[in-house]
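Below you'll find the structure, written out as structure tokens, and then a few comments.
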Amino acid sequence: MTERLNITRGVNKKPVATDALEQSLKILRDIQGDVFTGYPLIVTPDGKYSIDATLVSPSKGIVLFDLIEGSDVGEYAERQDDLANKIEARLKLHRELVKGRKLLVPLSVISFAPRINNIGAAAVENYPLVNEHGLAAALNELNWIDGNNDLYRMTLSAIESLSSIRKSRSKREVHRSDSRGAKLKGLEDSIATLDYRQNKAVIETVEGVQRIRGLAGSGKTIVLALKAAYLHTQYPDWRIAVTFHTRSLKAQFRRLINNFCIEQSGEEPDWTKIRIINAWGAPGGDARDGVYYEYCRATGTEFLDFRSASSRFRGSEQVFDGACLAALANASDAAHLYDAILADEAQDFAPSFLRLCYSMLKPPKRLVYAYDELQNLSGTSLPPPEEIFGNDGAGRPLVTFGDERRRDVILQKCYRNSRPVLVTAHGLGFGIYREVPQGAPTGLVQMFDYPALWEEIGYKVKSGQLTKGQHIVLERTTETSPRFLEQHSDIDDLVQFIKFDDEVQQNAWLVQQIQENLTVDELRHDDIIVIHSDPQTARSSTGPIRRKLFEAGVQTHLAGVDTDADVFFRTDTPSVTFTGIYRAKGNEAGMVYVINAQDCNGSGPGLSSLRNRLFTAITRSKAWVRVIGYGPRMQGLIDEFIGLKQRGFVLDFTYPDDALLSKLRIVHRDLSPQERERLERRRSQLADLLSDLESGELHPEDLDEVTREKLKKFLGGNE
Amino acid sequence: MMVLAPGTIKRDIDRLISELIGKGVCDDSNFSAIRPYGRMVEVTFSGSEHVSIALGDIEYAEIYRELADKRSFNMKLVDGALLQMMYRVEGDALLQHRLAFYPSPSLLPFQDDPDAYMRDELFIEIVQRRIVPFPLRFDFDAREGVHVDAAHPKSHLTLGDVKGCRIPVSAPVTPRWFVEFILRNFYQTKKHDFISDLPRHEIKFPASITSNEMGLMHMVVPY
């Protein structure tokens, strides 16, 4: 049973009474369970109801609180009846909580009025009305005699699911119970409700900055969307922005927020108040608006579009950073345009963008940013908040989380990828079983600087020690990777790595597979994504495959630079999605094909980026993934995968020590175009030198003694 | 003169779509279809029923969005431009066609930054469009009472949906010529060649221009 009282602090319009209730409940020793404030929200034919506070306790059942801020209790008895009836009606929809026509859980209502001293004068018989002093006594009256742990858990989950919804895109028609389509349907039904942590993350918003971290597939986007909708429902006047990096997320956010608002309040959201906008943006009306563009307009700062920013700030990763920094430096006016900003995919933004968001917020600066530190496997994705947001005039950090868990939420469970899929993505992303290159100390491509991060993202030490320099075996538990995600299919079917002789053969196989998926497997077109890892060649490489499919009568589309449509998956027309890696981010599908995967293998500079792409591509899969390619580099990936599979999908390696970690960072680092060019030039000069030496055009003796010695030393040759 | 079969036009269109998809310049497409239309036969695409909205007094960005949302196109190209091709055949003769090109009102034209498009760079949509985009349309109408010598040539080019703009064209335009015209003028660059592998010409239409129209500035389809 629960040890004590867990409190999930949502928002309601009665902050003073809520605080008083919280304080009063905390000092009660003998009460266990869960308290939610500002939750749940339900909609009934009479309109929307926001419950001020709810206690779910194994010894008391469900207690709803009617909070009274002032000294006027109003028609409180009527309110109590109303609340109890509405919630009872909703709970009775959960069959496991009902016996005959009776709810198995006692449901009570207490009106709590901390400002009223003379309670007796206002109270109506049989309708508990208390202040701080009477709360304990009122709760003492309530007893759930037949309660047990199972029933309590089910009640809690029913209360939590009152406000959770994840509708799949459209109805799925399946005729065979064992087809892939049927399996996907089962999966979608199983993950339709939020878990405890997700629900807590949705409801709790702090006065200030909040960070939400989690793996791909842990529900960050859903949490953010529901949070935005929750805030919008509670504070319809607030200006709220929801922003993101990948444009294709826009449609998803819109759908989720819309569904949730309707579910909670019976009304569509007011899109002028809650805005789903691009991070960057450009002139051209609402559909193209963006956070940065709005900031420039409001502060009268020069706006840079992609082209002008690219020509001013070299290196495409830094372009948006440059634009944000310039805007922050030049803005003379403050522009407090929002009450809350929620930023998804923050790992893809430079800190300057978050700082820009921060400066656009009215006090108390409610900024929520979600990120996946693994999407950037180097583990250096975003600096700590103290560093991102800087210091105030007195040298104190503007934002710091301290030990406050509410400010720094971690979602450990991964609901998208099954354990084999996720461990494969990590195994290959880090190069855990990569063959040690000649002369190198390790085959690892990259590694987290902080070993503890592994546990935070849901791995458990199977054996060894999670410390730098030590041997370690890590596994995912059923707690963080629920079993039902992998049980629907044979493990050999979940992940496959396949090598072909050449690209033509690969493409022919793919075309045949997709047709089979659509005709035999009962998959829908939008259950399939084909991802090409190299953005530079996504168009030219996917063209021939799409052409073949077109000629076979299968509709496809390439997720492109499409401004107005804002759809990644088309719901209206059956069409298979093809995409480069950038536009694949944030999206998911049942069947994922990662094509030309050999491009994600290699050596030297840039390898960590290549492996990150492979990681991102694999983690798009809700069920099955096929990593396909050709040539020796594909064989390398297959060997790594076999190593992983033979060990039963655990990560078995020696954690690099500090020296090796910093070496890894250098060896596989990303190079700017200029650096890459310089490196290429040097290499070709060296090759020239070698060929001159070989052909005898140049003799070793032509080099001076000192140079010869130095060369020997660097290359580590034998004496 | 050859006998014109709707199937020939459809094949011409399908081959072009196939080629453009293969080259990575066509991001999205609708299958073409042959449908009876009264006594005529229409070669068109699903979504063609929404074409008429392009004719009202609506702002261009609005028209474009509507067409894109309703998927009223044969092809959507790399920079968001939409291509529409519709033909009506009566007996064995062409009666009408409507070939339209709708560039995206917000994205840069392909030729302004071809490399960024082909490399599928992120953020390429974040641009201020400085050139005013406008649609263009090759219309052909041989119905009695519609065309008027010199004032309303049977085959003509309309720029920017401007009402009185009807530049005479020597003959109806085949899908193959229309697509080449668009690619050559708006997509071809030194580095990016979309034309040389286009399927060969299969159709020839007889001239429809009058001598009065030939006396004006006009365009010639080189059949």
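Below is a table of values for the structure above.
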{"quantity": "Three-way shape label, chain B, alpha-carbon gyration tensor, a/c 1.5", "calculated": "prolate"}
{"quantity": "The stretch A:281-377 - Rg (one decimal) and Dmax (whole number), Cα, Å", "calculated": "13.4, 38"}
{"quantity": "Exercise: per-residue mean of other protein chain Cβ atoms within 10 Å, B:12-24", "calculated": "4"}
{"quantity": "Burial ordering of A:272, A:542, fewest other beta-carbon atoms within 10 Å first", "calculated": "A:272, A:542"}
{"quantity": "Whole-Hz ³J(HN,Hα) from phi, Karplus 6.51 cos²θ - 1.76 cosθ + 1.60, for the stretch A:172-189, glycine and proline x", "calculated": "10, 9, 10, 10, 10, 6, 10, 6, 4, x, 5, 5, 5, 4, x, 4, 4, 5"}
{"quantity": "Three semi-axes of the equivalent ellipsoid, the stretch A:602-657, Cα gyration tensor, whole Å, largest first", "calculated": "18, 17, 14"}
{"quantity": "Dipole of chain A, positive end: most advanced residue of A:209, A:91, A:428 [Cβ charges, Cα centre]", "calculated": "A:91"}
{"quantity": "Proximal lysines to residue A:99, defined as alpha-carbon separation beneath 22 angstrom and excluding residues fewer than eight positions away on the same chain", "calculated": "A:60, A:86"}
{"quantity": "Chymotrypsin sites (Phe, Trp or Tyr not before Pro) restricted to the stretch A:385-470 and DSSP loop, no more than 10 other C-beta within 10 Å", "calculated": "none"}
{"quantity": "Spatial separation of Cα centroids for the stretch A:449-494 and the stretch B:140-219, in angstrom", "calculated": "64 Å"}
{"quantity": "Cα Rg over Rh - chain A, Kirkwood", "calculated": "1.02"}
{"quantity": "Pairwise centroid distance, computed over Cα atoms, of the stretch B:112-137 with the stretch A:525-554, Å", "calculated": "22 Å"}
{"quantity": "Average beta carbon contacts from partner chains per residue of A:541-550, 10 Å cutoff", "calculated": "5"}
{"quantity": "Relative contact order %, the stretch A:442-516, counting alpha carbon pairs below 8 Å whose residues are six or more apart", "calculated": "17 percent"}
{"quantity": "Volume per residue that the Cα convex hull of the stretch A:202-325 spans, once the total is divided by residue count, Å³", "calculated": "134 Å³"}
{"quantity": "Sites matching GluC sites (Glu not before Pro) across the stretch A:241-313 that sit in DSSP coil, with at most 12 neighbouring C-beta atoms within 10 Å", "calculated": "A:302"}
{"quantity": "Check: chain A dipole with +1 on Lys, Arg Cβ and -1 on Asp, Glu Cβ, in debye", "calculated": "800 debye"}
{"quantity": "Between 0 and 90°, nearest 10: helix A:705-715 axis offset from chain A longest Cα axis", "calculated": "40 degrees"}
{"quantity": "Pairwise centroid distance, computed over Cα atoms, of the stretch A:225-292 with the stretch B:63-93, Å", "calculated": "32 Å"}
{"quantity": "Considering only the protein assembly as shown, percent of DSSP beta bridges that pair antiparallel, nearest 5", "calculated": "50 percent"}
{"quantity": "Kirkwood-based shape ratio for the stretch B:95-134, expressed as Rg/Rh from alpha carbons", "calculated": "1.12"}
{"quantity": "Loop trypsin sites (Lys or Arg not before Pro), the stretch A:328-426, which have at most 11 other Cβ atoms in a 10 Å radius of their Cβ (DSSP)", "calculated": "none"}
{"quantity": "Dipole-positive endmost among A:505, A:473, A:410 within the stretch A:407-514 (Cβ charges, Cα centre)", "calculated": "A:410"}
{"quantity": "Filter on A:413/A:462; A:250/B:70; B:154/B:204; A:585/B:191; A:14/A:362; B:163/B:190 - keep pairs with C-alpha separation over 24 Å", "calculated": "A:585/B:191; B:163/B:190"}
{"quantity": "Most mobile listed residue (B:45, B:181, B:138) in chain B, GNM with C-alpha springs under 10 Å", "calculated": "B:181"}
{"quantity": "Ranked list, fewest to most other Cβ atoms within 10 Å of each Cβ, for A:426, A:525, A:133", "calculated": "A:133, A:525, A:426"}
{"quantity": "Per-residue [θ]222 nm for chain A (sum of -39500 (n - 2.57) over DSSP H runs n ≥ 4, rounded to 500)", "calculated": "-11500 deg cm²/dmol"}
{"quantity": "A:502, B:12 arranged by Cβ crowding within 10 Å, fewest neighbours leading", "calculated": "A:502, B:12"}
{"quantity": "Volume per residue of the C-alpha convex hull in the stretch A:99-231, rounded to whole Å³", "calculated": "217 Å³"}
{"quantity": "Chain B - mean residue ellipticity at 222 nm from DSSP helices (-39,500 (n - 2.57) per run, n ≥ 4, rounded to 500)", "calculated": "-6000 deg cm²/dmol"}
{"quantity": "The stretch A:480-620 shape via C-alpha gyration tensor axes, a/c threshold 1.5", "calculated": "rounded"}
{"quantity": "Span per principal axis, largest first, for the Cα atoms of the stretch B:59-172 (Å)", "calculated": "51, 28, 24"}
{"quantity": "Selected from B:175, B:36, B:133 as most flexible by GNM, with chain B as the system and alpha-carbon contacts under 10 Å", "calculated": "B:36"}
{"quantity": "Candidate lysines - alpha carbon under 18 Å from residue A:185, same-chain residues fewer than 8 apart omitted", "calculated": "A:167, A:171, A:622"}
{"quantity": "Of every Cα-Cα pair in the stretch B:68-118, the percent that sits beyond 17 Å", "calculated": "48 percent"}
{"quantity": "Against the rule of thumb 2.2 N^0.38 Å, how large the Cα Rg of the stretch A:212-278 comes out", "calculated": "1.05"}
{"quantity": "Hull volume in cubic angstrom per residue (convex hull over the Cα atoms of the stretch B:107-223)", "calculated": "135 Å³"}
{"quantity": "Angle between chain B longest axis and helix B:60-69 axis [Cα atoms, degrees, rounded to 10]", "calculated": "90 degrees"}
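Laboratory data are not the source of any read-out in this text; all were calculated from the coordinates shown. The structure presented is a predicted model; accordingly, all values stated were derived computationally and were not measured. So basically every Cβ, Gly included, is an ideal-geometry build from the backbone, and we count neighbours across all protein chains shown.
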